[in-house]
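Working notes, beginning with the structure itself.
Rule-based calculations on the coordinates, nothing more; no lab input. A quick note: this is a predicted structure, and the numbers were derived from the prediction, not measured. Here Cβ is always computed from backbone atoms with ideal geometry, including for glycine, and neighbour counts include all displayed protein chains.
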Amino acid sequence: MAGRRLEIDGVSKRYGDIVALREMTFQVGAGELFGFVGSNGAGKTTTMRIALGVLAADAGVVRWDGEPITLETRRHIGYMPEERGLYPKMKVAEQLVYLARLHGLTTAQAKRSVQEWTERLGVAARRDDEVQKLSLGNQQRVQLAAALVHNPSILVLDEPFSGLDPVAVDVMSKVLSDKAAEGVPVVFSSHQLDLVERLCHRVGIVRNGQMVACDTVEALRAGGIEHLVVDAPRAPRGWADGLPGVTVVEQTGTKTVFELGEGVDDQAVLRAALATGPVTEFSRRGQSLTELFRNVVSESHEAVAA
Amino acid sequence: MSSVPDVRVGNWEAVGLVAGREITGRLKSKAFIITTAATLLLLIGFSLVMKFVAGGSDATVGVSGGSVALEAPLKATATSIGQTIDTRQVDEAAGRAQVDSGDLDALLVGDGSKIVVVVKKEIDEKLRNTLNVLAGQLALNQEITDLGGDPAQVGKQVADAKAEVRPMEPPFDYNGQQLVIGMIAGILIYMSLLINGQSVAQGVVEEKSSRVVELLLATIRPWQLMLGKVVGIGVVGLVQMVVIGGAGIAVGLATGVLTISVSAAVGTVVWLVVWFLLGFFAYSLVFAALGALVSRQEDIGGVITPPLMFVILGYVLGISILPSDPGSKLIEILSMVPLFAPTLMPMRLAMGGVPAWEAGLAVVLVLALIPGLVWLSGRIYRNAVTRSGAKVKLRDALRAT
């Protein structure tokens with residue numbers, strides 16, 4: 001089990017004059033949940049399609065277990081494409097059995113696995129319905145089942161959370177965490193950064209076809225400036241103006257977020273807040289992934305503008 | 001995690017899985033069951049109508065009194081000029097009543113030495129001819145007897161005397177039935193190529209537009225997917241062709257509408273199957289490749305119309321020229337050209353009279369073309385099938401690697 005990892009090594013791809021990927025490199029180890037984030041068109045989908053062999057790379061290698069990936073080893077990957085794809089007129093169970101068999105399962109194994117996954121994902125009652133008759137959310141669950149029925153050793157999911165209701169998001173999160181706990185490397189892309197922050201062990205941020213930041217969530221957040229969050233419900237607007245060494249970053253409702261200057265005593269802020277009335281929240285917070293992401297993306301805009 | 005399971009899928013296993021999905025899906029589909037049943041009903045209905053039209057006699061004639069002796073000569077004369085006459089012996093009064101009621105077309109009366117016929121108003125023109133010929137015969141017989149000859153012997157000699165025809169090139173005798181079978185074979189193969197060929201293109205686009213192709217190509221190779229689809233739809237078309245062709249011929253033979261030999265009938269079905277397979281395989285490879293260029297069902301027509309025109313052209317030429325001119329030189333040549341052979345050759349084969357070398361050459365030429373088509377269409381399909389969105393230009397699909 002140790003050393004079972006998916007490596008994307010220096011993968012490049014261009015479409016005519018447009019560079020889609022430039023030396024994209026990252027690894028996902030066994031049991032790791034890797035979040036892949038970036039703006040639209042940054043190259044996440046292209047990377048995944050190349051890993052799955054749907055697209056050919058111009059340069060670079062995708063390795064599994066240290067060996068360049070082949071059609072045979074690709075059958076171990078569970079894949080959820082960005083553009084969902086299922087036969088609309090085929091029944092759910094028939095379709096999943098067919099896909100499982102294409103991944104090398106026998107009919108008996110396939111049926112057992114379909115039974116198990118449709119139950120686990122809450123679509124067991126719809127097994128004999130045509131896919132097109134399902135709601136989008138349920139189609140999404142079937143799509144995930146399609147990525148899981150062959151008991152994959154790697155999971156590559158492109159935007160698995162888009163279009164899901166909160167319950168389905170929980171189901172999906174649970175499945176991904178369980179799979180990772182089984183020792184499966186899981187890569188998924190998402191724009192829901194809070195979700196990525198909560199679920200993932202490591203995160204890669206892509207910009208213009210390049211990996212610009214790739215580390216654990218803690219390490220990524222540690223780099224930034226710390227924020228102070230104060231919730232003082234009775235405080236008048238602008239109560240914090242003029243406090244030395246702090247700048248108000250944002251003010252929503254009764255909540256104020258400060259950026260603390262170097263060596264500034266946060267207790268002074270608390271006293272000022274208490275002077276206005278009760279304080280219901282007072283906390284220090286590292287920068288969120290969303291903030292980090294914004295910074296990274298705006299850097300790119302500045303770079304382009306410069 | 002347990003050890004990684006063995007998930008190797010052989011080339012042919014993958015093709016088989018894809019084909020299997022097509023076959024089970026289509027055999028169960030309402031469209032397939034309905035078209036097959038409708039075509040069968042149509043063929044059976046056609047056979048029954050033909051039987052009804054062909055059966056029965058041209059006229060029913062009563063014979064009474066002395067003219068009873070004319071019953072046999074009347075039938076023989078009618079047959080000799082291509083008429084069928086039923087006769088009935090009645091007494092004169094009853095016969096007249098039946099003529100009046102329309103049960104009899106005519107009643108022969110008198111002593112049988114000459115023809116006296118009672119009809120209601122007018123006599124049918126063909127029946128009049130028959131009776132005139134018979135009357136002439138009777139007069140002749142009378143003369144022969146008067147001269148001391150034997151009318152029967154003279155009659156035999158007259159019947160045996162025939163012009164001897166010496167053709168320099170014996171023409172093939174196309175009979176009407178074989179022409180009809182040829183036309184039906186043409187219609188069947190044309191419909192089958194049209195329907196199944198378009199199914200291939202639609203199937204390819206369905207996978208593209210539903211994006212399921214991306215999921216499939218992450219596990220199997222493009223050629224396996226394309227070939228599996230062609231084979232699967234081909235098997236379904238074949239089943240349909242054998243059922244319809246076999247049942248049609250069986251019904252034809254059973255009702256007596258078809259009087260060709262059983263071996264000729266079986267030969268027709270076998271050739272039909274051979275040409276369906278060749279034609280379908282060649283054309284559907286092209287349809288699959290061209291279907292891969294577009295991403296929406298509405299755009300299929302635009303890309304598959306050019307090759308489809310060859311199918312239609314072949315069929316139209318065949319159906320419009322062959323009935324009047326079965327030996328047409330133009331059709332004879334075109335039926336060996338691979339583009340037209342799948343529609344024209346089975347028509348000619350069903351009509352009979354095709355030299356073995358022509359039948360063989362047509363098969364060999366199509367077979368020779370197929371590897372080239374496999375290569376070309378495989379290339380187009382592979383390059384185009386994962387590119388969704390706007391129509392992929394044929395030139396780009398050919399060039400890309």
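Plugging the Kirkwood radius over Cα pairs into Stokes-Einstein for region A:6-221, at a temperature of 4 °C and a viscosity of 1.567 mPa s, what D comes out in µm²/s? Before the final figure, lay out the partial values.
Numbers: Rh = 17.5 Å.
Translational diffusion coefficient: 74 µm²/s.
Can you compute the charge dipole magnitude of region A:6-221 about its Cα centre, using +1 on each Lys and Arg Cβ and -1 on each Asp and Glu Cβ, nothing else charged? Give it in debye, rounded to the nearest 20. It would help to have the intermediate numbers written out before the result.
On the way: 25 positive and 27 negative charges, 102 e Å.
The calculation lands at about 500 debye.
Which loop trypsin sites (Lys or Arg not before Pro) in region A:162-261, with loop taken from DSSP, have no more than 12 other Cβ atoms within 10 angstrom of their Cβ? Spell out each step's value before the answer.
Numbers: sites: A:LYS174, A:LYS179, A:ARG198, A:ARG202, A:ARG207, A:ARG221, A:ARG234, A:ARG237, A:LYS255; in loops: A:ARG234, A:ARG237.
Passing sites in region A:162-261 are A:ARG234, A:ARG237.
Compare A:ALA20, A:ALA181, A:ALA30 in a GNM of chain A, Cα atoms joined below 10 Å, and give the one with the largest fluctuation.
Maximum among the listed residues: A:ALA181.
Which Rg and Dmax, in Å, describe the Cα atoms of chain B?
31.4, 117
Using amide H atoms built 1.01 Å from N in the peptide plane, name the residues 5+ places from A:ALA59, or on other chains, whose amide H lies under 5 Å from its own.
Amide H neighbours of A:ALA59: A:SER12.
If you wrap a convex hull around the alpha carbons of region B:1-131, what volume per residue comes out, as a whole number of Å³? List each step's numbers first, then the result.
On the way: hull volume 28.7 nm³, N = 131.
Expressed per residue, the convex hull around the Cα atoms of region B:1-131 is 219 Å³.
At a temperature of 20 °C and a viscosity of 1.002 mPa s, determine how fast region A:225-285 diffuses translationally according to Stokes-Einstein, using the Kirkwood radius over alpha-carbon pairs as Rh; express D in µm²/s, rounded to the nearest whole number.
Values: Rh = 11.3 Å.
Taking Rh from Cα pairs, D becomes 190 µm²/s.
From the helices alone, meaning DSSP H stretches of at least four residues, give me the mean residue ellipticity at 222 nm for chain A, per-run term -39500 (n - 2.57), in deg cm²/dmol to the nearest 500. Intermediate values should be presented prior to the final figure.
Details: 10 runs with 106 residues, N = 306.
Calculated at 222 nm, the ellipticity per residue is -10500 deg cm²/dmol.
Can you give me the Cα centroid spacing of region A:28-73 and region A:220-281 in angstrom?
Cα centroid to Cα centroid, the span is 43 Å.
Exposed loop sites here are GluC sites (Glu not before Pro) in DSSP loop states with at most 15 other C-beta atoms within 10 Å. What is the longest stretch of chain A lacking them? Display every interim value, and only then the final one.
On the way: sites that count: A:GLU83, A:GLU182, A:GLU226, A:GLU262.
That gives A:84-181 as the longest site-free run.
Helix hunt in chain B: which complete DSSP H runs extend at least 20 Å axially by C-alpha with mean Kyte-Doolittle at least 0.0? It would help to have the intermediate numbers written out before the result.
On the way: long enough: B:11-27 (24 Å, 0.11); B:30-54 (35 Å, 1.89); B:125-146 (31 Å, -0.31); B:176-209 (49 Å, 0.82); B:222-255 (49 Å, 1.59); B:262-291 (41 Å, 2.07); B:300-321 (30 Å, 1.98); B:356-384 (41 Å, 1.20).
In chain B, the long hydrophobic H runs are B:11-27, B:30-54, B:176-209, B:222-255, B:262-291, B:300-321, B:356-384.
Would you mind calculating the relative contact order of region A:6-221 from Cα pairs under 8 angstrom and at least 6 residues apart, reporting the percent as a whole number?
Details: 409 pairs, mean separation 68.5, N = 216.
Worked out over region A:6-221, it gives 32 percent.
Which value, in debye to the nearest 20, describes the size of the charge dipole of the protein assembly as shown about its Cα centre when Lys and Arg Cβ atoms bear +1, Asp and Glu Cβ atoms bear -1, and nothing else is charged? If you can, show how the numbers build up before the last one.
On the way: 65 positive and 70 negative charges, 181 e Å.
Once rounded to the nearest 20, the dipole reads 860 debye.
Scan region B:57-160 for GluC sites (Glu not before Pro) in coil per DSSP, keeping those whose Cβ has at most 13 other Cβ atoms within 10 Å, and list them by number.
Working: sites: B:GLU71, B:GLU92, B:GLU122, B:GLU125, B:GLU143; in loops: B:GLU122.
Here the GluC sites (Glu not before Pro) that fit, given the DSSP loop and packing criteria, are B:GLU122.
Please state, rounded to one decimal and in Å, the Kirkwood hydrodynamic radius that region B:59-155 gives when every pair of distinct Cα atoms enters the mean of 1/r. Kindly include the intermediate steps, with their values, before the conclusion.
Working: mean 1/r = 0.0734 Å⁻¹.
Computed over Cα pairs of region B:59-155, the Kirkwood hydrodynamic radius comes out at 13.6 Å.
Cβ under 14 Å from B:ASN141's Cβ, B:ASN141 left aside: what net charge do those residues give with Lys, Arg +1 and Asp, Glu -1?
-1
So what is the diffusion coefficient of the protein assembly as shown in µm² per second by Stokes-Einstein at 20 °C and 1.002 mPa s, using a Kirkwood Rh over Cα pairs? Present the calculation step by step, with values, prior to reporting the outcome.
On the way: Rh = 32.7 Å.
In µm²/s, the coefficient rounds to 66.
Compute, for region A:225-285, the length of the dipole vector about the Cα centre, with Cβ point charges of +1 (Lys, Arg) and -1 (Asp, Glu) only. Units Debye, rounded to 20.
Details: 6 positive and 9 negative charges, 56 e Å.
Dipole about the Cα centre, nearest 20: 260 debye.
Structure shown: which of A:LYS133/A:LYS174; A:LYS91/B:LYS28; A:LYS91/B:LYS30 lie over 18 Å apart, alpha-carbon to alpha-carbon? All intermediate terms of the calculation are to be shown ahead of the outcome.
On the way: A:LYS133/A:LYS174 26 Å; A:LYS91/B:LYS28 13 Å; A:LYS91/B:LYS30 15 Å.
Checking Cα-Cα distances, A:LYS133/A:LYS174 exceed 18 Å.
Got a sec? Charge dipole of region A:6-221, +1 on Cβ for Lys and Arg, -1 for Asp and Glu; which of A:VAL37, A:ALA20, A:LEU71 is way out at the positive end?
Going by the Cα projections, it comes out as A:LEU71.
Kindly provide the helix-only [θ] at 222 nm of chain B, computed as the sum of -39,500 (n - 2.57) over DSSP H runs of four or more divided by all residues, to the nearest 500 deg cm²/dmol? Spell out each step's value before the answer.
Values: 15 runs with 272 residues, N = 401.
Here the helix-only value at 222 nm equals -23000 deg cm²/dmol.
What range in chain B is the longest one free of trypsin sites (Lys or Arg not before Pro) that are in a loop by DSSP and have at most 13 other Cβ atoms within 10 angstrom?
Numbers: sites that count: B:ARG8, B:LYS28, B:LYS114, B:LYS121, B:LYS162, B:ARG296, B:LYS393.
It works out to B:163-295.
Taking neighbour Cβ counts within 10 Å as the exposure measure, how do A:CYS214, A:CYS200 sort from fewest upward? The partial results should precede the final answer.
On the way: A:CYS214 17, A:CYS200 25.
Going from sparsest to densest Cβ surroundings: A:CYS214, A:CYS200.
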